[in-house]
Structures are given as structure tokens and as C-alpha cells.
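These notes concern the structure reproduced below.
The values are calculated or read from the model by the stated rules, or taken from the named source; none is laboratory data. Just so you know, these numbers come straight off a predicted model, no measurement behind them. Please note: Cβ atoms are built from the backbone with ideal geometry, for glycine as well, and neighbour counts cover all protein chains shown. For the accessible areas, the whole protein counts, side chains as well, though only heavy atoms, and no ligand, DNA or RNA atoms are used. Shrake-Rupley method; radii C 1.70, N 1.55, O 1.52, S 1.80 Å.
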Amino acid sequence: MITGHLLSIDDLTRESAMGILSTAKELAIITEGPNKKLPTLRGKTVVNLFFEDSTRTRISFETAAKRLSADVINFSAKGSSVSKGESLKDTAQTLQAMGADAVVIRHSSSGAAKRLADTQWIQAAVINAGDGTHEHPTQALLDAYTIKQHLKQDSADLSGVKVLIVGDILHSRVARSNVLLLTKLGATVTLVAPPTLFPVGVENWPVKISYNLDEEISKCDVVMMLRIQLERMSDSFFPTAQEYSKRYGLNSSRLARLSKDAIVMHPGPMNRGLEISAESADDLKSVIIDQVKNGVAVRMAVLYELLGGAAFGEAKS
Amino acid sequence: MAILLSGTEIDRAIKRISHEIIEHNQGVNNLVLMGIPTRGAFLAERICTFINEIEAPVAKGVLDITLHRDDLRLRPPKPILPTTLPAGGIEGKDVVLVDDVLFSGRTIRAALDAIGELGRPRTVQLAVLIDRGHRQLPIRADYVGKNVPTSISESVKVHLAELDEEDLVELLK
């Protein structure tokens, strides 16, 4: 079980991560039944505090909270007082005054979630839903859940699974969280990208690094395509989108070279025709829709573990 | 520490409860035993095995009630355990909930809520190994291994061989 906040995969042990996945599995079974709604978090308030645009993460957290009977307040920076210049501190204190029990925060600055958790501005449990280029822990958890569901149903962890993560490693919080979590669970990870899209210090990560997708594509069990984040592509990381797509995109010829049971993943939203071709995204090997579905169960598990029991220090023995 | 039930006595109680369940329900045709984890599930398993020996196979399942507890906010969170249903489900069945100790009745209230999520049984009955009193809700057991008057400060600990090496029920002061 986890307590306090979920800010980084680094905060989780292998056991607590596996615990979240098994809780998610039970919750998924229950919510597939006739009654999707559980009374567990009745009376708790979950605030979605989104300073960056998001579709699936926000509605996934909202669905998860509602299935556990929590009240959900959606807050997006656009159309709020943040666009009038209100600080994170004042926003947090406003949410505190409204009685938030958990704050799900997405922010363009790395470390924003930790900033919120470390201060006394707000007492709520803080869940990092993506902070800048740092981490996106619930995405990594749902990816691990999806890999386990398809390839390692009966195993204790992900030992021996070979995962290829392809694309913009430099800007990707999804890649960072996944590297930390998947290696923690026993998978081996290879990162593939053009040299310009690797971060400084990547040689110290517990991964293999390659610049050549064609050399690696046939050797993996999972290929995870990252989105080319056009909004962060102000510098010339690669000459043209066409060239990137030709060398690092998942097209039908590369899809055909995947091993028989391999699966294709993408955290979404996809740039069809850029990092992944439409036929790859819609192929039988693609589990992208499962990732979205599993996201709800995994986020229910996280909310349950953080909010289901007594808050810090309140527990009776 | 006092011993309330020895291994042999636990065995006899389970056998008597099994007979009572069959007698009360006039057979096992419409019956489903639902054990409440962790020890209730093992007790249900034992009752099931015995009924199978003396009468006929009986449907069984496991009912985790964690998500329906009303004391969630008073305690640290607990892991959720698997809930399993027999192939025929519980719709229209006679469901017997099985737990180790009946105390405040709150676990059973949560179990009734959890049952309600899964279907609408014809009846819900309750079998427990120990009834120690101190009910906080209007709930009673249909089948009881042993009634034990206890003080509120004492605790009853059930050991079952499946988990704890031996079969034993003890009263801790």
C-alpha cells in the first residue's frame, strides 16, 4: 500500500507497485459487473488541477474518482484565475479552503507536484499527473498493468519482458516514469531515438540505448511509441517530420517484423502518420485502447490506496 | 489466554453447521456458500468439502468486503482481495455467508452491501464459527459454532491450519 502522495515512481518499491497493479485488477473485475459504482470514497473530494491540456488523463482520473463515489472538481488553468496571474500557492490555498482530499496536478514545470506536496499550502494527497518533462507515474503504472495483462498474466512481475521505447525521450515524462517502473519490475528496456532526442546523462539510466529502430524492432516483446511533442519542437531536433517518420516511425513494414506475440503501445494522443502509421495504430497487435481502459482501474487503485484509509496520523490501531 | 475451541471441536462445529445448513435449506440445490476473506473463506471451503462428502457438491465463492467497510476512514487502507463467484452467480440463490467471528456486525453489513452489487439472492443466511456478542447493528447468525460471552476489551483469535499451522480458537485478555 502507498501512503501520502504519488509524485514519482522513485517513491514506490517493487512491492508497492505490484500492490497497486493487483488492487487495480480487482477493481477492474468489479467495475465490469452490472454496478460500476462503489461507495468506497463517498464524501471525499478529488480536485483535478490541470495547468496543461489533457483529455485522457483528466477524464480517466475523473471516471476513476466517480466510480469510487468521490466528488470531483475539475480545474483547468484556462478560464480560471490562473490566467489572471494567480500563483500556485493561492490556487492551492483556495482548494484547501474548499476541502479537497486529493489534488491531481498536471503542470508544465518539472517538480510542480512535489512543490505542492512539500509545502503546507494544502493538506490533501497530491497525485502527479505529469509535471513538465519529469514524470507521469500513473501512465507508467497503467502501461505496466497493460503489459502484464497481455504478456505476463500469471507471473509475479514483468521479468524477462523486452520493452522498446521509441521517440522523443528528451521531453518525455512517460519514458522517464516507464524506465523507472518497468526496470523495477524486472523488464529490460531499450530506448531508441535520434541522438538529439536523448537527454543528457541517459547513459547512467538502467537501459540500453540505440539510434537504429530497424536493428531493434524484431527483438522486443513490447514496442512503445512516444508522441512527437510538436509543442516542444521549437529547436531543430530532426530535419523534417517526414525524415523522422521514415527512420523512427512505426509503419507497416516494421510492424510486420515484430515477433508474433508482441504488442504495440502509445500513451496518446497519437500523431497518426508521424510516429505511428494509422494501420499500426489499428492493428490487432495494438493495445492502445486497452491502455486507456486500464488507466481508469489503475487510477482507482491509486485513489483507493491514498484516500481509502485514514489520513496520515489519524489511523487507530 | 484461554482456549475456546480445540482443533477437534472446530472440526465438530463445522460438521454440525454443515448438517444444519443442509437441513434448513432442504438440500443443496439452490445453495451458494460465500466465504469472507481471509479465514471465513477457508471455513467456507471446509464446509463445502464436508457437504460434498455427506450430500452433494455445493456452489461456493469468495466475497471481499473491503470496499464496502464503513470504518475505512478510521483505519489504514487494506489491500483488496479477489472476489469470486460460482458459475451460476448468486441471482435467486440461497446464499450462506461464512465468517470466523461475529462481533459488531459491521463486517456482515458490508457483506450485505457487497452482495447487493453482485445480484439479488433469494435469501442471505449467516454462518460463523464464533459469536462473541457486542453487536452494534441488528444482525444475527443463523448457524453458530460456539456462542462465547466476552468482555469488550478481550479479543478472539481464530487460527486455521491453512494459515496458522494449527486449528485453534483462543481468547486474549
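For this structure, a couple of remarks:
- Here the 3J(HN,Hα) profile of the range B:123-140, calculated from phi with Karplus coefficients 6.51, -1.76 and 1.60 at θ = phi - 60°, is 9, 10, 10, 10, 10, 9, 6, 10, 10, 9, x, 6, 5, 10, 9, x, 10, 9 Hz, Gly and Pro shown as x.
- With all protein chains kept in place, the per residue accessible area of chain A amounts to 42 square angstrom at a probe of 1.4 angstrom.
- Relative contact order (%) - criterion: Cα under 8 Å, at least six apart; region: chain B: 26 percent
- Here chain A carries DSSP beta bridges of which approximately 5% are antiparallel, counting only pairs with both residues inside.
- Highest-MSF residue in chain B out of B:D11, B:D131, B:D70 [GNM, Cα springs under 10 Å]: B:D70
- Under 5 Å from the amide H of B:L102 lie the amide H atoms of B:I130, B:D131, B:R132, each residue being 5 or more positions distant or on a separate chain, with H modelled from the backbone and absent for Pro and chain starts.
- Reduced Cα scattering model of the range B:1-55, Debye log10 I(q)/I(0), q = 0.12, 0.17, 0.20, 0.28 Å⁻¹: -0.30, -0.56, -0.75, -1.19
- Considering only B:E45, B:E117, B:E20, the mean-square fluctuation computed in a Gaussian network model of chain B, springs between alpha carbons under 10 angstrom, is largest for B:E117.
- Dipole of chain A computed with +1 at Lys/Arg Cβ and -1 at Asp/Glu Cβ about the Cα centre; of A:V287, A:T63, A:Y145, farthest Cα towards the positive end is A:T63.
- Between the C-alpha center of the range A:10-26 and that of the range A:84-107 there is a gap of 27 Å.
- Using a probe of 1.4 Å, the accessible surface attributed to A:K285 totals some 40 Å² when neighbouring protein chains are kept in position.
- Taking amide H as placed 1.01 Å from N in the peptide plane, the amide H of A:I228 sits under 5 Å from that of A:N271, A:E275, each at least 5 places away or on another chain.
- Expressed as a whole percent, the accessible surface of chain A that belongs to carbon and sulfur atoms is 50, based on a 1.4 Å probe.
- Applying the Karplus relation 6.51 cos²θ - 1.76 cosθ + 1.60 with θ = phi - 60° to the range B:35-46 yields 3J(HN,Hα) values of x, 9, x, 8, 6, x, 5, 6, 5, 4, 4, 5 Hz, where x marks Gly and Pro.
- Formal net charge of residues neighbouring A:N35 (Cβ-Cβ distance under 11 Å; K, R +1; D, E -1): 0
- Other residues lying with their Cβ under 13 Å from the Cβ of B:V32 contribute a combined charge of +2, Lys and Arg counting +1, Asp and Glu -1.
- Here the range B:137-155 is scanned for amide nitrogen atoms under 16 Å from the site 7 Å beyond the Cα of B:E23 along Cα-to-Cβ, giving B:142-146.
- Summary of the geometry: the range A:187-222 and the range B:36-109, compared by the centres of their Cα atoms, lie 48 Å apart.
- Highest-MSF residue in chain A out of A:G85, A:G167, A:G268 [GNM, Cα springs under 10 Å]: A:G85
- Environment charge at A:K208 (Cβ cut-off 14 Å; Lys +1, Arg +1, Asp -1, Glu -1): -1
- Here the sum of -39500 (n - 2.57) over DSSP H runs of 4 or more residues, divided by the residues of chain A, equals -11000 deg cm²/dmol at 222 nm, to the nearest 500.
- Among the listed pairs A:K246/A:K293; A:K148/A:K260; A:K25/A:K148; A:K148/A:K219, those beyond 22 Å (Cα-Cα): A:K246/A:K293
- Percentage relative contact order, the range A:178-243, counting C-alpha pairs under 8 Å, at least six apart: 29 percent
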